[in-house]
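For reference, the structure discussed in these notes is given below.
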Amino acid sequence: MTELEKRIKAKIPGEDTGIEIKHSLCAICSPAFHCGLDCYVKDGKIIKIEGSPDWPGSKGRVCTKGQSNRDYVYRPDRIQTPLKRVGARGEGKFEPISWDEALTIIAEKLNEVKAKYSAHSVAFYSGHCKWYRPILHRLCYSFGSVNFGTDDSTCFKANDIANKLTFGAGAGPNTPKANTFLGWNYGGYYAKHMSVAGVRALKERGGKVIIIDPRHTPAVKNLADLYLQIKPGTDGALALGMGKIIIDNNWIDADYIEKYVHGYEQYKALVQNYPLDKVCAITGLNADDIYEAARIYATNGPATVNFSGCTQTHHINGMQSTRAIHALIAITGNYDRPGGNVPGGVSYLHKNGGFTTREKEFRESLRPHDQLRIGETRFPIWDEYCDEFHAVDLIRQLEEGTPYPVKAFVGLGLNAKMLPESDRLLKAMADNLDFFVDADLFMTHSAKYADIVLPACSSLERGEMKAYEGGFLAYTSPVIEPQFESRSDVEWLCDLARKLDVDDELLKAGYEACCDWIIQDTGLTVADLKKSDMPVKVPTAKPANKPGTYLAGGCKTRSGKIEIYSEAIAAVDAKYGLNPLPDYQDPLYDQNDPEMVEKYPFNMVAGVRLPHTQHSRLHEAPWLRSLRPDPLCEINVEDAKRLGIQENDPVEISSPSGTIYAKAKVTHKFQPGTLMMIHGYTEANVNNLIVSTHLDPYSGYPGFKSARCTIRKYEEA
């Protein structure tokens, strides 16, 4: 810390630097940690950002992404005014208009579509950031449309649904009390960086860390006592093989199973199909390592499993693989146990603060029930557990117009690159929509297809409400004025509600009134929260339930027990061909088609993490882009040698749905036969290589982490 910073921090009387330290939060990883920020502001400009030491949870820590907030806010390509399209869709030609003109056009166009077709022909969609979602969700329903959707269609929600299928509740890791940490696709140094300290503490007290990941990561190097470098997408086979070892060695918790587990006998019969030699052949793992992982997990309890937000479910067998891992938790008695995996609720926007709000009632009280959502009946498990349309089915409904046409689209932070065959989706939107509006900070590839583009502001330019673990609520104040003519999303959404004249006085009253309604049972109001520039303790907050109390009251599943055999899946009509037991299926399509295997012999893993990126949001931030300026496709050294590919060679990667170009990065970090590609680059969008029908039938999630492709050295003209 410099002498100037020390003087500012100490607030030395009489010392006038002209610099203010203002508190806010980082929303780049929303809705993950919302790490607290100290923003140094001079003359209305942010000159420095660092972690806020008094902020709950983050306690002064901030990652590379958070440190880039200044660069992010002041990117030269910020959208400055509302824009109206004057060229062809996708051409990127717009003219500036006023906010009033933009909102008037939007209201008129949406009401025209509503009158000509129906309200359901208007879809409302949220990408990043997620903080405004309750307002957008309610506006969708107030307007009369059933079609509210989000990027949950490819991120997080499938894991949440798998938890509810098995446990009826969440299944978070209880690392502080665990003796064994089983990190399934755990990359704490690249994501969830604040979790690393807890894993280190476990090791320091003599605990064991097992990491299962196709890629050798810093977490493997720094934390793992045992590392299983698995082939992508074969996790379900490994989990079933471990289950067989645990059962064969009688390492189960028989009393716990008898009391709390449903479907154990069927599961016991299932795992007999996964002997060690078969599992080794599928996963590419060593038999001794598999056996040792099963032994440590089952006998060195309590043991906790860490699931990534969506890595595991980005396979076409992802939900079943997750449920197979859940079965290990169940048969060893490690659910709702100190040091195991524990249930948890949600206070507000996916965060559990230990108190209740009326967020769900706020969203769903006005929901229409006279039409099917986009994708409804295609993915019945999604339909039962998620009150959103499934965005991966949008491309089909746009192209086919069945069961009804989608003719208008209201997007906030729409990122088509988060969906398979992204360019095909944008073409379907261009060809079939009568009207499309998108709000964003930057002129993204998706925004170029909109008829109206609205300038959003960052979290440092607005006030927003957040919940925090430990019983906290916060309502931030803007650190700086909104750049140019950008506005807070909730402000213009409430203005649009007035323009549309929806029958919703609460929404018309504005964001703060809505927040007050949502938190009315907490003993606090927005006015109370705004009195502090730090999170405020909620009077009604209570400590998390004592482990064991959830099971004692019965699980929120159909059987009232932990369901290895899912009664919810069993209840689905047989035409879907879904298995109530967590059986394993190959993660690659056309595995038994010799021609397909020969033409596309590689397994493409899309969306590999970097410590300084979040989807595509930070690829264009100048400082962060300089860390990896070129799109790189990582290839194993043996494959590269065989194909004559060297470091930084231009390469062409192709799949049945397209071709992209990148540079080669030769590595030892994963097994041969695999390619790994960062997602989010407009010039090399790997999700264009993911066929839009390459989907998990349980969740509807695309197989981003296992899809067939081929690679060759590309000779540039």
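We did not get these values from a lab; they are worked out from the coordinates using the rules stated. A quick note: this is a predicted structure, and the numbers were derived from the prediction, not measured. Note that each Cβ is placed from the backbone with ideal geometry, even for glycine, and that neighbours are counted across all protein chains shown.
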Inset, instruction - Give the longest segment of the chain that steers clear of GluC sites (Glu not before Pro) in DSSP loops with at most 16 neighbouring Cβ atoms within 10 Å, not counting the sites themselves. - result: 92-468
Legend entry - Considering only the stretch 171-342, percent of DSSP beta bridges that pair antiparallel, nearest 5: 10
Inset, instruction - Can you tell me the relative contact order of the chain? Whole percent, Cα pairs under 8 Å, sequence separation 6 or more. - result: 18
Legend entry - Candidate lysines - alpha carbon under 19 Å from LYS203, same-chain residues fewer than 8 apart omitted: LYS177, LYS192, LYS221
Inset, instruction - Taking the Cβ of VAL209 as the centre, find all other residues whose Cβ is under 10 Å away and add up their charges (Lys, Arg: +1; Asp, Glu: -1). - result: +2
Inset, instruction - Report the relative contact order of the stretch 34-131, percent, no decimals, based on alpha-carbon pairs under 8 angstrom and at least 6 residues apart. - result: 14
Legend entry - R0 of 30 Å, Cβ-Cβ distance ASP54-ARG367: FRET efficiency to nearest 0.05: 0.15
Inset, instruction - Using a cut-off of 9 Å between beta-carbons, work out the net charge of the residues near GLY680 (Lys and Arg +1, Asp and Glu -1, GLY680 not included). - result: +2
Legend entry - Per residue Cα convex hull volume in Å³ - calculated over the stretch 86-188: 205
Legend entry - Two-site label geometry, SER98 and LYS663: point separation in nm, points 7 Å out along Cα→Cβ: 4.9
Inset, instruction - Using label points projected 7 Å from each Cα along Cα→Cβ, tell me how many nm separate GLU399 and VAL637, to one decimal. - result: 4.2
Inset, instruction - Report the full-extension gain for the segment GLU595 to LYS556: residue separation times 0.36 nm, less the Cα-Cα distance, to one decimal in nm. - result: 9.4 nm
Legend entry - Taking the stretch 142-252 and dividing mean pair separation by its residue count, relative contact order in percent (alpha carbons under 8 Å, at least six apart): 18
Legend entry - Calculated FRET value between LYS177 and ARG358, using beta carbons and R₀ = 35 Å, to 0.05: 0.60
Legend entry - Span from the the stretch 313-358 Cα centroid across to the the stretch 376-402 one, whole angstrom: 25
Inset, instruction - Figure the gain on full extension for ALA287 and THR17 (residue separation times 0.36 nm, minus the Cα-Cα span) and round it to one decimal in nm. - result: 90.8 nm
Inset, instruction - For the stretch 515-545, run through the trypsin sites (Lys or Arg not before Pro) and keep only the ones in DSSP coil with at most 11 other Cβ atoms within 10 Å of their Cβ. - result: LYS531
Legend entry - Two-decimal Rg to Rh for the stretch 171-342 - Kirkwood Rh, Cα set: 0.93
Inset, instruction - Using θ = phi - 60° and the Karplus relation 6.51 cos²θ - 1.76 cosθ + 1.60, list the HN-Hα couplings for the stretch 255-265 in order, rounded to whole Hz, with x at every Gly or Pro. - result: 5, 4, 4, 4, 7, 10, 10, 10, x, 5, 5
Legend entry - Ascending count of other beta-carbon atoms within 10 Å, so fewest first, for MET443, MET242: MET443, MET242
Inset, instruction - Set the Förster radius R0 to 30 Å, insert the Cβ-Cβ distance between ASP573 and ASP431 as r into 1/(1 + (r/R0)^6), and round the FRET efficiency to 0.05. - result: 0.35
Legend entry - Simple label model, 7 Å out from Cα along Cβ direction - ALA254 to SER532, nm: 5.2
Legend entry - Reduced Cα scattering model of the chain, Debye log10 I(q)/I(0), q = 0.06, 0.08 Å⁻¹: -0.35, -0.64
Inset, instruction - Please give every one of the lysines within straight-line cross-link reach of LYS164, meaning a C-alpha to C-alpha distance under 16 Å, and leave out same-chain neighbours fewer than 8 residues apart. - result: LYS556, LYS561
Legend entry - Lys pairs, the stretch 594-713 - Cα-Cα below 20 angstrom, 8 or more residues apart or on other chains: 12
Legend entry - Antiparallel %, DSSP beta bridges [both residues in the chain], to 5: 50
Inset, instruction - Taking a cut-off of 18 Å between Cα atoms, list the aspartates and glutamates near LYS259, but don't count ones fewer than 8 places away on the same chain. - result: ASP336, GLU563, GLU567
Legend entry - Ascending count of other beta-carbon atoms within 10 Å, so fewest first, for ASP630, ASP16: ASP16, ASP630
Inset, instruction - For the stretch 594-713, give the share of DSSP beta bridges that are antiparallel, in percent and rounded to the nearest 5; count only bridges with both residues there. - result: 65
